[in-house]
Each structure stands twice: as C-alpha cells, then as structure tokens.
1. Helix 101-113 against the longest principal axis of the chain: what's the angle in degrees, Cα atoms only, rounded to the nearest 10?
2. Determine ³J(HN,Hα), in whole Hz, for all residues of the range 274-280 in sequence, where each value follows from phi through the Karplus function 6.51 cos²θ - 1.76 cosθ + 1.60 and θ = phi - 60°; x replaces Gly and Pro.
3. Which one of Gln201, Gln86, Gln289 has the biggest mean-square fluctuation once the chain is modelled by GNM with Cα springs under 10 Å?
4. List the residues whose amide H sits under 5 Å from the amide H of Ser254, counting only those 5 or more places along or on another chain, with H placed 1.01 Å from N in the peptide plane.
5. How much of the DSSP beta bridge set in the chain is antiparallel, as a percent to the nearest 5?
6. Relative contact order of the range 3-224: what whole-number percent is it, with Cα pairs under 8 angstrom and at least 6 residues apart?
7. What share of all Cα pairs of the range 96-191, in percent, falls into each consecutive 10 Å distance bin?
8. Which percent of Cα-Cα pairs in the range 139-210 sits in each 10 Å bin, short to long?
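The values are calculated or read from the model by the stated rules, or taken from the named source; none is laboratory data. The shown structure was predicted, so the numbers you read here are calculated from the model rather than taken from an experiment. Every residue, glycine as well, gets a Cβ built from its backbone with ideal geometry; the counts of neighbours run over all protein chains shown. Just so you know, the surface numbers come from the protein's heavy atoms only, side chains and all, with ligands and any DNA or RNA stripped out. Shrake-Rupley method; radii C 1.70, N 1.55, O 1.52, S 1.80 Å.
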Amino acid sequence: MNIRQKEQLVKERLEPLKALMDSCVLCPRECKVNRNKGQKGFCRTANKVKIASWNRHRGEEPFISGTNGSGTIFVSSCTLKCKFCQNFPFSQMDHGIELEPYELAEKYDILAEKRVHNINFVTPTHVVPMLLEAWLLSSDKAKSLPIVYNCSGYESKIVLDLLEGIIDIYLPDIKYADNETALELSSAPNYVENNLRTIKQMHDQTGPIQIDPNTGLATKGLAVRHLVLPNGYAGTEISLSRLKELLGTDVYLSVMCQYFPAYKAHEIPFLDKPLPEEDFFKILDLIEQLGFENALTQDPYDPGGA
Ligand code: SF4
C-alpha cells in the first residue's frame, strides 16, 4: 500500500473510530461515557491526546529499534492500572502535555527527520483516533514509516477491525495467565480472553513479523511481549503455552526479564524486588522446551543481552 492509499484508508476510518467515543467502547472496559462531549471514563481521558514524550528510542527489540532508533510517542494515561508500572508518572499520574493534532503531527515529523525507522505509538488504545488524526497532518516522510501499535494486548475487536491495513506492526503484551491476577494487579476484568482474542486478531491481520534482510528491520507483522514477574504472577509457563497453541512456535516472542519494583509494587509480596536470577534461567529453559524459534530475551544480569 502506498502513502496515498494509506491516507485514504485513515480518512475513511477516522470518523467511525471517533464515533466509538460517543459512548466509549475503544477498549474492552466499554465505559460508555461520551468522550466527544468531554466525559471521562476509566482512562481519565476525553477527546484530547496527552503525550509524555516523543523520542528516538533505541531500547526496543532490534528489529524495531535498528540502528537509528524507533520513533516512540509515549501517551499519557492508560486503560490499565498496573500496580508495578514502570511508566507510572505518565501512565497512572497522567503527566504530559496536551497537544492539538497539528502539534502532534509536528512531533512525528521531527522524529522522521531524525531518520527513525518507524512511528511507535506506546499505549495508544484510548487515544487511537487522535493519534491517527495527527498522522494525517504529518509529512510524507513520517507517513512513509511503518506504524507500530505497542500495547497491553487488552483491545477492542471493533477498533482492531477499523485498524486493519493501517497498523503495520503490532506489539501486544501477554501479561497474565489468569483473570484473578489481572484484576488484582492491573484492574483488568476478563484480561485473558480479551488478550488471546486480541493477539489472534492482530496476527490474522498482519501475520508474523517480516524482517527486511537488508536492514534487519521489521516492515510488518506481530511480535508478542511478555514481562516475567516474580513469584509467577505473570503465569509465564501457561501464558507461553497458550501462545504456542494459538500461533505456533514461529511467532516472534520477546520475553522481558528486567522487572524492577516501581509504583505500588512495594505493597505486594514478592513484587517488591527484582526477578530472582534462578527464575531467569528457568525461563530460558522453558522457552527452549516449548520450542519457540524466534524468541528474544534480555538478561537482567548482563545488560549486553542473552
Ligand atoms: S478507552 Fe477509556 S473511556 Fe473508553 S472504554 Fe476504555 S477505559 Fe473506558
């Protein structure tokens, strides 16, 4: 799809996406507040987008960050309330600046001028219409970059239907293996069913990550992220087994072991310290046993990687 075709698609889908905020169902919470008239639901956001930062980010997976970095747009507020969130100043305390669409478009353009490899929407779920409205106003240089949708994996089916053909790369989390823990740690009802449906739908749209052999960069596709929590809170074995059952062993998987306690983590037993080293080695064994062919891990005890 060329830039003009993608532009046309975004134009067609923008109004239906905005209309979902009249009685908001942009995420599975379905708060049904009228965000277009200024009401706010669980995500504490009406119809303006607030951004915490826009950066050239080199810490994403190598096929996303490449050599020049990923153009991350960190959105303020969130549809989850993870008690251990490392981004809590803006995800939970809503720090950031509110931008008009043309101002946000300028940020995309600045990142494109820095020759980042993609425009990476981080936590976009509750503001995706506004992010795309700004995209329409951005330069052709920005528009020519793949759009990355980097999210918690707790998405609405109807929104994903409207994003088909627009989002190039999906990076959803698989956070939990049971709903009780999801509710306790992230206040996310029915996380597991919504998460598996989300991942499947994203995969049906884009397939697995496609990497350009000349650049090593992802051009399209899905990669799933899993943050290993201490004390088995993330249900890593069950989560990864379900992922294997859902998409096979060739799915791109990024297993993050660099957990550190942040935000309210000190209030929860075992979440108040980093992942024990022996747990990290157990995870490496598990990935091998399950036979994942495209798994990345980050060794928290050797920041050079594993
Ligand atoms: S996006 Fe926000 S207001 Fe809309 S359903 Fe989700 S949490 Fe509620």
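1. Tilt relative to the chain: about 60 degrees.
2. x, 5, x, 4, 5, 5, 4
3. Maximum among the listed residues: Gln289.
4. Val224, Arg225, His226, Leu296
5. On the way: 11 of 37 bridges.
In the chain, approximately 30 percent of DSSP beta bridges are antiparallel ones.
6. On the way: 458 pairs, mean separation 42.6, N = 222.
Over the range 3-224, the number comes to 19 percent.
7. Bin by bin from 0 Å, the calculated values are 15, 42, 29, 13, 2.
8. Reading the bins upward from 0: 20, 45, 26, 8, 1.
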